Amino acid sequence: MFTIIRAQRLLTSSTESIIENGAVVVDGATILAAGPWGDVSQTAGEAEVLDLGDVTLMPGLFDCHVHLSFDPASGTTTTAVTIPDDEALELMRSNAAKLLDAGVTTARDLGAPGTLGTQIKAEIAAGETAGPSLQVTNAPITVPGGHAFAMGGVAEGVEDVREAVRSRANEGADLVKVMTTGGFMTAGSRPWQTRYSLEELRAIVDQAHELGLLTTTHVLGVEGIERAVDAGFDAIEHCGWVTESGTKFNEEIARKIVDRGVVVSPAMNTACMADSYFCPWDEHDAVVGNLRKLHDMGARIIAGTDAGIGLVHFARFADGLSVFADAGMSPREIIASATDVAAEACGLGEVTGKLSQGLRADVIAVEGDPTEDWEALRRPTFVMAAGRRHELRPIPPREIDPDMAQKIHDTLTQGAGRPVAQGHSH
């Protein structure tokens, strides 16, 4: 039987006008029609009608950077593997459902031990586990002792990294993730330092593209950003402009990012908000200012949160969008970053990201009008992922223990080999 979801407002994509008294017709996991109630209500015959009232129907959201195997409530932030696979899978199931609570119907898991990513993806696709449709990388490719090496993706040298890419394809990964620089969460890996040569990075990209896989890379340091762009990566995660002592935006490299159409997933989140700031890269105004410059130059920016790291909770997806707003993005740009622009960046532009005939039934409703006030995205009232309705649970309040936040900040700073300022507080 068909289902018609009706609401006072309908937004079919980030660029379309709001349709008053709109509806979406769903058949199983597929959208049959979306438009004014008077037009689409004729298409479904005997249908169940869900009248949601004074809300806005819109496409489901994307979180393009999550780590389902991490526990944000643990009070620690590390890439070390601390629990066995069966416990990690249970944690991933729980975290996947929390993404749905936030209205996230598609997500990218960009690093989990071994093949846990493809396992949880298959469970969700089969309807055995509640969660967003996933794209997964499994273990990221990294140098010995490099960022997230404990997940099992160590490779060095051109032939070795090519073989690592082939392994991901054989495992059923959707894309390849590489740790081009060190990271704050892996002590001793040096976030500002580039860990792979241009030749190795190009080998990874070429092999992945030969196998039909997209590529993305964790990259914090300035040199690493340029090298990743020159190697031809489809997307870059973080793009932090990190130096040994802070950050330094490079306009010449940024121009290459824009001109070559490289997608930037800055992975902004709760840690990057002004009143709960504990991001270790640099001071708040510098980090947001760097993102603002990139946006002002015309970079393609997509929403991703790095959810799973300490105090970055899966259901608090919209905290990262608030950082986008601080960086000067308009409500429609913010919606685009989490819907159709994200879908295109993930190679899913013909699958989801909009509400139109033939696309996957990823439909949410939010209070208010998100094209006027992006904060409406904080308040999902209805979520359907791949045609399956999710019973929403309350999104937990943003409660940041300042001592825990400071401890995480200092631990990451020390792990990166930077001095911790005495008495420093965020």
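The values are calculated or read from the model by the stated rules, or taken from the named source; none is laboratory data. Because the structure is a prediction, the values reported are computed rather than measured. Please note: Cβ atoms are built from the backbone with ideal geometry, for glycine as well, and neighbour counts cover all protein chains shown. Heavy atoms of the whole protein, side chains included, go into the accessibility calculation; ligands, DNA and RNA do not. Shrake-Rupley method; radii C 1.70, N 1.55, O 1.52, S 1.80 Å.
For A203, indicate whether it is open to solvent by 30 Å² or more (accessible area, probe 1.4 Å) and either modelled with pLDDT of 95 or more or not in a loop (DSSP other than H, G, I, E, B) (or both). Here the answer is no, as A203 does not meet what is asked.
Conditions tested, residue by residue: (1) under 22 Å from H238 (Cβ atoms); (2) modelled with pLDDT under 95; (3) crowded, with 24+ Cβ neighbours inside 10 Å.
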site: L91; (1), (2), (3): no, no, no
site: K121; (1), (2), (3): no, no, yes
site: L134; (1), (2), (3): yes, no, no
site: A139; (1), (2), (3): yes, no, yes
site: V143; (1), (2), (3): yes, no, no
site: A148; (1), (2), (3): yes, yes, yes
site: V154; (1), (2), (3): yes, no, no
site: E159; (1), (2), (3): no, no, no
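Count of the range 292-314 residues, restricted to those that are assigned to a helix (DSSP H, G or I) and open to solvent by less than 10 Å² (accessible area, probe 1.4 Å), is 2.
Considered as a group, the residues in the range 163-181 that are among the charged types (D, E, K, R) and surrounded by 18 or more Cβ atoms within 10 Å (Cβ to Cβ) include one that is nearest to G232 (Cα to Cα), and that residue is K177.
Can you say whether R190 is open to solvent by 30 Å² or more (accessible area, probe 1.4 Å), closer than 23 Å to A164 by Cβ and at pLDDT below 95, as far as the supplied structure shows? Criteria met by R190. Open to solvent by less than 40 Å² (accessible area, probe 1.4 Å), touching a strand residue (DSSP E or B) at 6+ places or on another chain (Cβ under 8 Å) and outside any strand (DSSP E or B): does that describe F278? So F278 does not fit the description; no. Is there a residue in the range 346-356 that is touching a Cys at 6+ places or on another chain (Cβ under 7 Å), buried (at least 21 other Cβ atoms within 10 Å of the Cβ) and either more than 28 Å from T217 (Cβ to Cβ) or in contact (Cβ under 8 Å) with a residue 24 or more places away in the chain (or both)? Within the range 346-356 (the criterion being touching a Cys at 6+ places or on another chain (Cβ under 7 Å), buried (at least 21 other Cβ atoms within 10 Å of the Cβ) and either more than 28 Å from T217 (Cβ to Cβ) or in contact (Cβ under 8 Å) with a residue 24 or more places away in the chain (or both)), the answer is yes, since at least one residue qualifies. Within the range 7-55, which residues are open to solvent by less than 60 Å² (accessible area, probe 1.4 Å) and charged (D, E, K, R)? Across the range 7-55, the qualifying residue is only R9. For the condition of a type in the set (D, E) and open to solvent by less than 20 Å² (accessible area, probe 1.4 Å), D101 qualifies. For the range 206-230, the set of residues classified as more than 17 Å from T137 (Cβ to Cβ), among the hydrophobic types (A, V, I, L, M, F, W, C) and surrounded by fewer than 24 Cβ atoms within 10 Å (Cβ to Cβ) consists of V222, V229, listed by residue number.
Answer yes if at least one residue in the range 233-240 is open to solvent by 10 Å² or more (accessible area, probe 1.4 Å) and either of a type in the set (F, W, Y) or over 21 Å from the mean Cα position of the chain (by Cα) (or both), and no otherwise. Within the range 233-240 (the criterion being open to solvent by 10 Å² or more (accessible area, probe 1.4 Å) and either of a type in the set (F, W, Y) or over 21 Å from the mean Cα position of the chain (by Cα) (or both)), the answer is no, since none of the residues qualifies.
The number of residues in the range 244-266 being open to solvent by 30 Å² or more (accessible area, probe 1.4 Å) and among the hydrophobic types (A, V, I, L, M, F, W, C) comes to 2. When you look at R389, is it touching a helix residue (DSSP H, G or I) at 6+ places or on another chain (Cβ under 8 Å), open to solvent by 70 Å² or more (accessible area, probe 1.4 Å) and either in a loop (DSSP other than H, G, I, E, B) or at pLDDT 85 or above (or both), yes or no? Considered against the rule, which asks whether it is touching a helix residue (DSSP H, G or I) at 6+ places or on another chain (Cβ under 8 Å), open to solvent by 70 Å² or more (accessible area, probe 1.4 Å) and either in a loop (DSSP other than H, G, I, E, B) or at pLDDT 85 or above (or both), R389 comes out as no. How many of the residues in the range 123-132 are open to solvent by 60 Å² or more (accessible area, probe 1.4 Å) and not in a helix (DSSP H, G or I)? Number satisfying all stated conditions: 2. Of all the listed residues (A286, A271, A228), the sole one being farther than 22 Å from F62 by Cα, in contact with a helix residue (DSSP H, G or I) (Cβ under 9 Å, 6 or more places away or on another chain), in a helix (DSSP H, G or I) and in contact (Cβ under 8 Å) with a residue 12 or more places away in the chain is A228. Among the residues of the range 105-119, the ones that are of a type in the set (S, T, Y) and open to solvent by 20 Å² or more (accessible area, probe 1.4 Å) come to 2 in all. Among the strands (runs of 3 or more DSSP E) confined to the range 1-96, the ones with at least 1 residues that are aromatic (F, W, Y) are located at 2-10, 61-66. Scan E372, E333 and give me the residue that is at pLDDT 95 or above, assigned to a helix (DSSP H, G or I) and open to solvent by 40 Å² or more (accessible area, probe 1.4 Å). That would be E333, the only listed residue that is at pLDDT 95 or above, assigned to a helix (DSSP H, G or I) and open to solvent by 40 Å² or more (accessible area, probe 1.4 Å).
Checked against the criterion of being out of contact with any Leu (no Cβ under 6 Å at 6 or more places or on another chain) and within 27 Å of D259 (Cα to Cα), the range 141-153 has at least one qualifying residue.
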